[in-house]
1. Considering only DSSP states other than H, G, I, E and B, which chymotrypsin sites (Phe, Trp or Tyr not before Pro) in segment 165-261 qualify as loop sites with at most 13 other Cβ atoms within 10 Å?
2. Please work out how much length the chain gains when fully extended from residue 304 to residue 163, using 0.36 nm per residue of separation minus the C-alpha to C-alpha distance, in nm with one decimal.
3. Quick one, which of [x] 169; [y] 238; [z] 136 is the actual volume of the Cα convex hull per residue in Å³ calculated for this model?
4. Name all residues of segment 4-24 having a backbone nitrogen under 17 Å from the label point set 7 Å from the Cα of residue 87 along its Cα→Cβ direction, giving them as ranges.
5. Restricting attention to segment 1-34, which trypsin sites (Lys or Arg not before Pro) occupy a DSSP loop and are surrounded by at most 13 other Cβ atoms within 10 Å?
6. Let me know the charge dipole size of segment 1-92 about its Cα centre in debye, to the nearest 20, where only the beta-carbon of Lys, Arg (+1) and Asp, Glu (-1) is charged.
7. In debye, nearest 20: dipole of segment 35-213 around its Cα centre with unit charges on the Cβ of K, R (+) and D, E (-)?
8. For residue 181 and residue 280, calculate 0.36 nm times their separation in residues minus their Cα-Cα distance, and state this gained length in nm to one decimal.
Amino acid sequence: MLLTSANKGKAVAFIAIEARPLERARYAYLFEKASAEHVLAELQSYQNADGGFGHGLESDFRLQESSAICSSIALQYLREVKAPVDHPLVVNAVRYLLATYDDTLRAWPIIPANDNSAPHAPWWNYSANIAESWNHYQANPRAEIVAHLYAYTQLLPAGWLDSLGESLLSWLADRETLEMHDLLCFLRLLESEEIPQAIRQQLLTHLTPCVESAVVLDPAQWAGYCLQPLQVVSSPESAFFEMFADAVSSNLDYLIARQTPDGCWPTSWGWGTFPEIWPLAEREWQGALTLDALRTLKAFGRIEV
């Protein structure tokens, strides 16, 4: 199954009209060979004076102040456009992460204690036991932040990142399974081009059984909130492509069929709280999910030309 030219046109029109300016700029960069400067300019509006990112960059989390989760997402986008190590957005983001690193946890608290002052999804609610419920942040967001920092090692103290990587692998070695979002953070680390080969091989060894047990292969369950094959295999070059080749093909068909008549890809979740804000967050997510769908379909040659 291919995404038809007409349905691609609907998706592009949805992004142009309904998506955030950031997703519009990212689409232009990824699909129209536009300059990275527009993406960087949009990202700048999400960065605070402390170098961290906030302002609802993660649409389920509307706090204006900086957080580790929003800063990690910002670094995803900075690496997507190959922002150089000396770009101010990069330099200041790394400065923020170094300043907020918790040496006791050897990790970053995923959200700040003042999170509840702003609209947010219920799973982002701050409480006294939030560290415990997020595995003391040992995977999420730590593994993903480490992935990003390997791209910008020149900005880090000598030996610091290698020590952190060893701590991360030690924690992972004691796990037989991983929660879905923890696993996704480790997969972003695995697929980071900059990580040392020795770390990549250890990650592959530890993550393979976790991936096998976590990915949902039954198409009847994909409409719910679960780990689908395409979340683990983002392109034919992904480490687990051969393991899930048949499921990926079916999941691509499902992805194409899931597009709505107005051209977007819908969320599979909702808040149930802040009813005055959720429609805005949902629309932002639809723009981001539509861009993600187009990227995935392009990577697998599933868009009609």
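We did not get these values from a lab; they are worked out from the coordinates using the rules stated. Quick caveat, the model's predicted, so the values are computed rather than measured. All Cβ positions, even for glycine, are placed from backbone atoms using ideal geometry, and neighbour counts span all protein chains on display.
1. Filter output for segment 165-261: 225.
2. That works out to 46.1 nm of additional length.
3. Working out volume of the Cα convex hull per residue in Å³ from the coordinates points to [z].
4. From segment 4-24, the list is 21-24.
5. Loop-located and lightly packed - 33.
6. Result for segment 1-92 is approximately 400 debye, rounded to the nearest 20.
7. It comes to approximately 160 debye.
8. 33.3 nm
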